[in-house]
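Structure record follows, encoded as structure tokens.
The values are calculated or read from the model by the stated rules, or taken from the named source; none is laboratory data. Source: prediction; values computed, not measured. All Cβ positions, glycine included, derive from the backbone under ideal geometry; neighbour counts span all protein chains shown. Note: accessible area is taken over every heavy atom of the protein model, side chains too, but ligands, DNA and RNA are not part of it. Shrake-Rupley method; radii C 1.70, N 1.55, O 1.52, S 1.80 Å.
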Amino acid sequence: SSNKSERKLALKRVIVAVTIGKDMSPLFTHVLKCIQAPHIEIKKLVYMYVTHYAQTDPDLTLLAVNAFIKDSGDPNPVLRALAIRTMANLRVDRLTE
């Protein structure tokens, strides 16, 4: 959805489902599309999801790294820290090569 509040609510529901143990990995591509959202609340939720499922789909995780690198240069220090912390927490062998 293009509506910020709807997108944020949907991502919160996905994170809750992940937290209680449901497999939400089929939504990886859909969640990844939200990574370009200009809202930090949405980015936080997407980054949490990507960190959790990075090993499930390393190829798509590599695509997300470009967004992390871009955000690590953002003027907002909170977003920069979030991007750097997320990259540090990714457990994908191909990223370390």
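Tally time: how many residues in the range 1-46 are among the aromatic types (Phe, Trp, Tyr) and at pLDDT 95 or above? Selection size over the range 1-46: 0. Looking at this structure, is Val50 buried (at least 18 other Cβ atoms within 10 Å of the Cβ) and assigned to a helix (DSSP H, G or I)? Against the criterion (buried (at least 18 other Cβ atoms within 10 Å of the Cβ) and assigned to a helix (DSSP H, G or I)), Val50 qualifies. From the list Ile42, Ile35, Ile69, Ile15, the lone residue that is part of a helix (DSSP H, G or I) and either open to solvent by 80 Å² or more (accessible area, probe 1.4 Å) or of a type in the set (Phe, Trp, Tyr) (or both) is Ile69. Look at the range 41-65: where a residue is at negative phi and a partner is polar (S, T, N, Q), sitting 6+ places away or on another chain with Cβ atoms under 6 Å, you get Tyr47/Thr86; Thr51/Thr86; Thr51/Asn89; Tyr53/Ser25; Ala54/Thr61; Thr56/Ser25.
Inspection of the range 82-90 finds a residue satisfying the criterion of being at pLDDT below 90, within 13 Å of the chain's Cα centre (by Cα) and not in a helix (DSSP H, G or I). Tell me, yes or no, whether the range 19-29 has at least one residue that is open to solvent by less than 60 Å² (accessible area, probe 1.4 Å), of a type in the set (Asp, Glu) and over 18 Å from Lys4 (Cβ atoms). Checking the range 19-29: not a single residue is open to solvent by less than 60 Å² (accessible area, probe 1.4 Å), of a type in the set (Asp, Glu) and over 18 Å from Lys4 (Cβ atoms). Applying the set (1) open to solvent by 20 Å² or more (accessible area, probe 1.4 Å); (2) among the hydroxyl-bearing types (Ser, Thr, Tyr); (3) in a helix (DSSP H, G or I) to Thr56 leaves exactly one unmet item: (3).
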